[in-house]
Amino acid sequence: MGPTGPKRRFAAGKSTTVTLADVARLANVSEITVSRILRNIGPVADATRDRVLAAVAELGYVPNRVAGTLASATSNLIGVIIPSLSNIVFADVLRGIDAGLEPSGFRPVVGITNYAAVTEEKLVGSLLAWKPAAMILVGFDHTPITRRRLQQSGIRVAELMDIDSEPIDLAVGLSHRAAGYESIRYLVGRGYRRFGYVGHDWDTDRRARLRWDGMVEALAETGLTFEAEALFEGPSSTQAGRTMLAGLLRKPHDLDVVMFSNDDMAVGGVFHCMAEGITPKRDLALFGFNGLDIGQALPTPLSTIRSNRFLIGKTAVDRILSQPDRDGATAVIDTGFEILTGETA
């Protein structure tokens, strides 16, 4: 592969690779017809095309784009798929991945889903077609087709940021349910009793929902509940946090602490308090999640939980490089979390 190639080739492991012949057999057509349809060459009857594409989906087949140009069956690429580039959380994960890969000769190819599972499915199909040495994704929420393709690929698959479900191969991250639970236990221990919650769309952020579940569990154990909640119908942002806290505080209640789904939202809450003359902690406690630098750089540092995002990315790569063959056994690596006391709760 030349001087910049990987030091060790990744083996396909015990895969059950789906071939073009398998698709042709299931669709009851020739291999040539399957190839033409997948390459979109020439006219094909709609019924035949639909039958072939259904077989592709059912089998999880991925065309091999490398086979025609390279002698080896794998490349020195690592597929990396993340939900967003605008969220600094994932930029930190990418830094960890890049730091782990830098001396190895492998190179990341990054795709962005914008939190859409169907986009992830397309990206996975495209990247697997180039026979990457491994795939790194965020979370466990995949379409059935995506999951089949990853399972059948035979390469290492790392699912990051979450360890609350069973991985396809390797999971590296933290328990978000535990993080939510411990944040409530911490605040109850500091004397808070009247809790509110400001969050964002759970449909696209399963991890935020898991944290909320952990919070509810911890509150119930103390005989408490959330007395007021506001959920933004969209992705998290500083503006959304500011707007939602403003709306929450317009309603009659006597909250002494508000939990936010993450630091983006919580920083917006701090800005609202600054604009309205509300002193965080003295008048209303605020608590976030992620431990972002911007929250700690505020005049009143945010009370929050720090997730070890750089470590998550670096740890995943280190494990993949040290154990390049998928052996069929799943593994979970807990990188933990840390409560930052801050000055807002």
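The values are calculated or read from the model by the stated rules, or taken from the named source; none is laboratory data. A quick note: this is a predicted structure, and the numbers were derived from the prediction, not measured. In this analysis, Cβ positions are derived from the backbone assuming ideal geometry, glycine residues included, and neighbour counts consider all displayed protein chains. Areas reflect the complete protein model, heavy atoms only, side chains present, ligands, DNA and RNA absent. Shrake-Rupley method; radii C 1.70, N 1.55, O 1.52, S 1.80 Å.
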Counting only residues that are open to solvent by 10 Å² or more (accessible area, probe 1.4 Å), touching a residue at least 24 places away in the same chain (Cβ under 8 Å) and not in a strand (DSSP E or B), how many does the stretch 133-146 have?
5
Leading residue by the ranking (surrounded by the most Cβ atoms within 10 Å (Cβ to Cβ)) among those in the stretch 153-168 that are within 18 Å of Ile82 (Cβ to Cβ) and acidic (Asp, Glu)
Glu159
Residues in the stretch 272-287: is at least one closer than 25 Å to Arg309 by Cα, in contact with a Leu (Cβ under 9 Å, 6 or more places away or on another chain) and in contact (Cβ under 8 Å) with a residue 12 or more places away in the chain?
yes
Scan Ala91, Ala57 and give me the residue that is farther than 24 Å from Gln152 by Cα and modelled with pLDDT of 85 or more.
Ala91
Would you say Thr119 is surrounded by 20 or more Cβ atoms within 10 Å (Cβ to Cβ), among the β-branched types (Val, Ile, Thr) and not in a loop (DSSP other than H, G, I, E, B)?
no
Here the residues within the stretch 37-49 that are closer than 21 Å to Val124 by Cα and out of contact with any helix residue (DSSP H, G or I) (no Cβ under 7 Å at 6 or more places or on another chain) are Leu38, Arg39, Asn40
For the stretch 221-317, please list each of the helices (runs of 4 or more DSSP H) lying entirely inside it that holds at least 2 residues being closer than 24 Å to Asp162 by Cα and out of contact with any Gly (no Cβ under 7 Å at 6 or more places or on another chain).
293-296
Of these, Tyr197, Tyr181, which one is more than 15 Å from the chain's Cα centre (by Cα), open to solvent by 30 Å² or more (accessible area, probe 1.4 Å), closer than 19 Å to Ile339 by Cα and hydroxyl-bearing (Ser, Thr, Tyr)?
Tyr181
Does Arg207 satisfy the condition of being among the charged types (D, E, K, R), over 20 Å from His176 (Cβ atoms) and out of contact with any Cys (no Cβ under 6 Å at 6 or more places or on another chain)?
no
Cβ contacts < 8 Å: first residue within 24 Å of Asp264 (Cβ to Cβ), restricted to the stretch 183-200; second residue of a type in the set (Val, Ile, Thr) and open to solvent by 10 Å² or more (accessible area, probe 1.4 Å), any location; separation 6+ or different chain. Result?
Ser183/Ile339; Ile184/Thr222; Tyr186/Ile339; Phe195/Thr225
Of all residues in the stretch 265-283, which are touching a helix residue (DSSP H, G or I) at 6+ places or on another chain (Cβ under 9 Å) and open to solvent by 10 Å² or more (accessible area, probe 1.4 Å)?
Phe271, His272, Ala275, Glu276, Ile278, Thr279, Pro280, Asp283
In the stretch 24-45, anything modelled with pLDDT under 90, open to solvent by 80 Å² or more (accessible area, probe 1.4 Å) and out of contact with any Gly (no Cβ under 9 Å at 6 or more places or on another chain) is listed as Glu31, Ile32, Arg39, Asn40, Pro43
When both residues are 6+ apart or on different chains and their Cβ atoms are under 8 Å apart, which pairs have a first residue that lies in the stretch 43-63 and is of a type in the set (Asp, Glu), and a second that is open to solvent by 30 Å² or more (accessible area, probe 1.4 Å) and at pLDDT 90 or above?
Glu58/Leu26
